[in-house]
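Right, one structure below, let's go through it.
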Amino acid sequence: MGKALFTFDYGIEKMKAIEDLGYEVILGNEKNHLYNREGNETKFTDDLKDVEILVCYNPFPSLDISKMENLKWIQLSSIGIDQVPKEVAIKNNITITNNNGGYSIPMAEWIVMSILEMIKNSKKLHDNQSKKIWKMDSSILELYGKTIGFVGTGTIAIESAKRLQPFGVNILGMNTNGRNIEYFNKCYSRTNIDEMLSLCDVVVGIVPGTKETYHIFDKNRFNAMKNGVFFINAARGSIVDEKEMIKNLKNGKIKAAALDVYDVEPLPENHALWDLNNVIISPHNSWISEMRNERRYNLIYENMKRYIHGESLINVVELDKGY
């Protein structure tokens, strides 16, 4: 019987279904203690040495997985993997699987919504409504015929592109080697990122947060963009040089931005972004929907069924894989 540590309780019926597969389940949280069904606390100590499977988001600040001598597999509830101690995982040959695709639909809907909000200047209209101001806005644009570029062509970008195609837009993508992706009119390699950016009316950042993508949107990338570009970041705050982005928001190079992620979260009250009228601020909320836990659990259950039968797992992460 494999021992599995869950840091989120999916409910009695769902956890019972995991146990029925043949697992011993420990329930915990992502602070510095565990609890069982009776609520008795046990510390993150020797009790965890024989845990074989860890199902979690980010317990790593307080959980030293290097001491979990029997740990063979980590199933993440997130798409991103930047929270994982990769050196330990590689050294101890720990398999990592993520929730790739689990949040793609709500995030794609958020991206489409944000594009339309910026193109249609909804923020200004909403501000006028709150002040009871009746004023037509003649600056509103059409989405039809615009070019939208995705830096990163994973499942979130694919679901976004699928939903944007009916609007009659030109959809470009950038990935490591420029490989073709369904729903994209053309894809570019990272070495040709500036060429793609120069063509885009809307730029969407949706690459994983890694050492390779740190500040991929820097001074040079913003300089390569069109004047009056619309910018979206739904990936990680680390992929953007915030100071350069703010400078370009203030000088008009970026006409408007919709942001769901930031260097520091929660966004500090004194942060300059709060005061910019051309910024839509979302509190890392794009992945939320009523289906999030159901999709997440379904993936976990399927992978745990596969694991116990010695079958290949879904969403195995290659830690050195490009985007």
Quickly run through the range 100-116 and pick out the residues that are at pLDDT 95 or above and surrounded by fewer than 23 Cβ atoms within 10 Å (Cβ to Cβ). Ser104, Ile105, Pro106, Glu109, Val112, Met113, Leu116
So how many residues does the range 134-152 have that are surrounded by 12 or more Cβ atoms within 10 Å (Cβ to Cβ) and over 18 Å from Ser198 (Cα atoms)? 2
So which of Val151, Val169 is under 27 Å from Tyr214 (Cα atoms) and either in contact (Cβ under 8 Å) with a residue 24 or more places away in the chain or among the hydroxyl-bearing types (Ser, Thr, Tyr) (or both)? Val151
Residue in the range 241-255 that is closer than 26 Å to Ile105 by Cα and either touching a Gly at 6+ places or on another chain (Cβ under 9 Å) or of a type in the set (Gly, Ala, Ser) (or both) present: no
In the set Asn92, Asn121, which member is more than 16 Å from the chain's Cα centre (by Cα), more than 25 Å from Tyr23 (Cβ to Cβ) and either at pLDDT below 95 or not charged (D, E, K, R) (or both)? Asn121
Return yes when Glu302 is acidic (Asp, Glu), at pLDDT 95 or above and in the same structural domain as Ile94 (by TED's automatic domain parsing) and no when it is not. yes
If I ask for residues that are outside any strand (DSSP E or B) and either modelled with pLDDT of 90 or more or of a type in the set (S, T, N, Q) (or both), which ones from the range 51-63 would you list? Val51, Glu52, Tyr57, Asn58, Pro59, Phe60, Ser62
Counting just the residues of the range 57-67 that are within 18 Å of Ile90 (Cβ to Cβ) and not polar (S, T, N, Q), which one comes out surrounded by the most Cβ atoms within 10 Å (Cβ to Cβ)? Leu63
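The values are calculated or read from the model by the stated rules, or taken from the named source; none is laboratory data. Since we're looking at a predicted model, the values are computed, not measured. Note that each Cβ is placed from the backbone with ideal geometry, even for glycine, and that neighbours are counted across all protein chains shown.
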